[in-house]
Amino acid sequence: MQKVLRLDLVSHGMTEAMRKARFPVDEPLTEAGRRAVAECGRLHAARVLTAPERRAVETAALLGLLGEEDDRLRDLDAGAWRGGELMSVPQDDLYAWLTDPKFRGHGGEAVIDVIERTRQWLIDIAEQGLPTIAVTHPAIIRAAMLITLEAPANSFWRIDIPPIGVTRMHYRGEWTLQFRT
């Protein structure tokens, strides 16, 4: 019987960019975001990994999780749009970004790039076999869900990941999702 590996993907707390519908930069949590994270229960695992951005590292610290940064958990790179307002992007470009997973018109990463980066990371996590908590971004969690469900890349933006939400996955030869209540 194969041992079951647990992976908890934790989305970072609320930031000003999330609140104002802006493309993120390396920013801290809002005060309300800090309070919400501090009110969460504790998680435990053999290993903790975080995305390198301040908002992920700060969320982990507020949860009492000390771990190592893993660059593969970084947010989707919005290129020239970083720091800008979502509604300031030309409508045709915004539509292409939301519907074409290969779109790189902003000079950053395409959705398919994030999915492939996440796929390689999940392979490594499975091979290492340690229960892991990863504090990261909604983009990485969406990608992990699409990989697990073998869903098409154009489904990426159809999954809402709330701040400080926890997505639990198990590995038993392949990844599965477990919804927590």
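The values are calculated or read from the model by the stated rules, or taken from the named source; none is laboratory data. Just so we're clear, the structure is a prediction, and the values are computed from it rather than from any experiment. So basically every Cβ, Gly included, is an ideal-geometry build from the backbone, and we count neighbours across all protein chains shown.
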Which one is surrounded by the fewest Cβ atoms within 10 Å (Cβ to Cβ), of the residues in the stretch 39-66 that are touching a Pro at 6+ places or on another chain (Cβ under 8 Å) and among the hydrophobic types (A, V, I, L, M, F, W, C)? ALA46
Out of the residues in the stretch 67-85 that are touching a helix residue (DSSP H, G or I) at 6+ places or on another chain (Cβ under 7 Å) and not charged (D, E, K, R), state the one that is surrounded by the most Cβ atoms within 10 Å (Cβ to Cβ). LEU73
Exception for PRO52 within (1) under 25 Å from VAL111 (Cβ atoms); (2) part of a helix (DSSP H, G or I) falls at (2)
Breaking point among (1) buried (at least 19 other Cβ atoms within 10 Å of the Cβ); (2) in contact with a strand residue (DSSP E or B) (Cβ under 6 Å, 6 or more places away or on another chain); (3) over 22 Å from GLU69 (Cβ atoms), for ALA134: (3)
Taking the condition of a type outside the set (Phe, Trp, Tyr), in a loop (DSSP other than H, G, I, E, B) and at pLDDT below 95, does LEU65 pass? yes
May I ask you to say which residue of SER11, SER88 is small (Gly, Ala, Ser) and over 19 Å from the mean Cα position of the chain (by Cα)? SER88
Among (1) at pLDDT 95 or above; (2) within 14 Å of the chain's Cα centre (by Cα); (3) closer than 20 Å to GLY64 by Cα, the one test that GLY165 misses: (1)
